Amino acid sequence: MTEQRDPETQPQTLPEAPAETLAETLTVSRGSLIVGGSDLAFREMLHNLLAFSVRLEQIRGRFAAHIGLTGPQYTILITIRQLQALGDVGVGRVAEHLALTPTFVTTETKKLVKLGVLEKQPDPQDLRRVKLRVTPLGEARLRDLAPVQREINDQLFEPVTPENFQVLHDLAAELRHSAERALLLSDYLSRDEEKSA
């Protein structure tokens, strides 16, 4: 006797969406980002990147708190230390390196000077500008943080291998530049919509 099943309890196979509908809902059109006609894998990657960026911000905040700074202050301080090994560092250079506004960097560097971890010196080439340099106190705090940074960063980037590090390094730089272009495009399209409204 053949077992009879209630049709209402049977697994239902969802009808496939028409190709036209899928095309209309795609969030990308580059062939390299579409798998099997779908952008699902792309969106999964994007959500993972967003989640990673959130955790990165949280970890930065903990690094900063370890030496008595805010997240942005810590980032600015460690960036100045990195850049000063290559030459003089001004507000504009820091702002460009971190994709921040010069006004914001100026405000935060004033706070860092008051905390004694950063110093400003007049630029002899242009008295309207100042040169930024990490003070001995700032260097000492960053040295105290280094062992914690090493342990946490080793865990954070555990999946990175010698084989894929260079790929990740180069891709991160390329994505930063493409993000800048995408932001400009977004602003342009927004203005265009406002004009046509």
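We did not get these values from a lab; they are worked out from the coordinates using the rules stated. Treat the numbers as computed from the prediction; the structure is a model and nothing was measured. Cβ: placed from backbone, ideal geometry, glycine included. Neighbour counts: every protein chain shown.
Couple of notes before you dig in:
- For the range 94-141, a residue qualifies if it is under 15 Å from Gly68 (Cβ atoms) and either among the hydrophobic types (A, V, I, L, M, F, W, C) or touching a residue at least 60 places away in the same chain (Cβ under 8 Å) (or both), and the qualifying residues are Leu112, Val113, Leu115, Val117, Leu118, Val134, Leu137, Gly138, Ala140, Arg141.
- Residues being among the small types (Gly, Ala, Ser) and assigned to a loop (DSSP other than H, G, I, E, B) - total across the range 59-95: 4
- Any hit, the range 80-91, residues being aliphatic (A, V, I, L, M), surrounded by 15 or more Cβ atoms within 10 Å (Cβ to Cβ), in contact with a Ser or Thr (Cβ under 6 Å, 6 or more places away or on another chain) and within 27 Å of Glu158 (Cβ to Cβ): no
- Of residues in the range 125-170 being among the β-branched types (Val, Ile, Thr) and assigned to a helix (DSSP H, G or I), the one farthest from Lys110 (Cα to Cα): Val167
- Residue selected from the range 96-124 under the condition of a type in the set (A, V, I, L, M) and part of a helix (DSSP H, G or I), by the criterion farthest from the chain's Cα centre (by Cα): Val113
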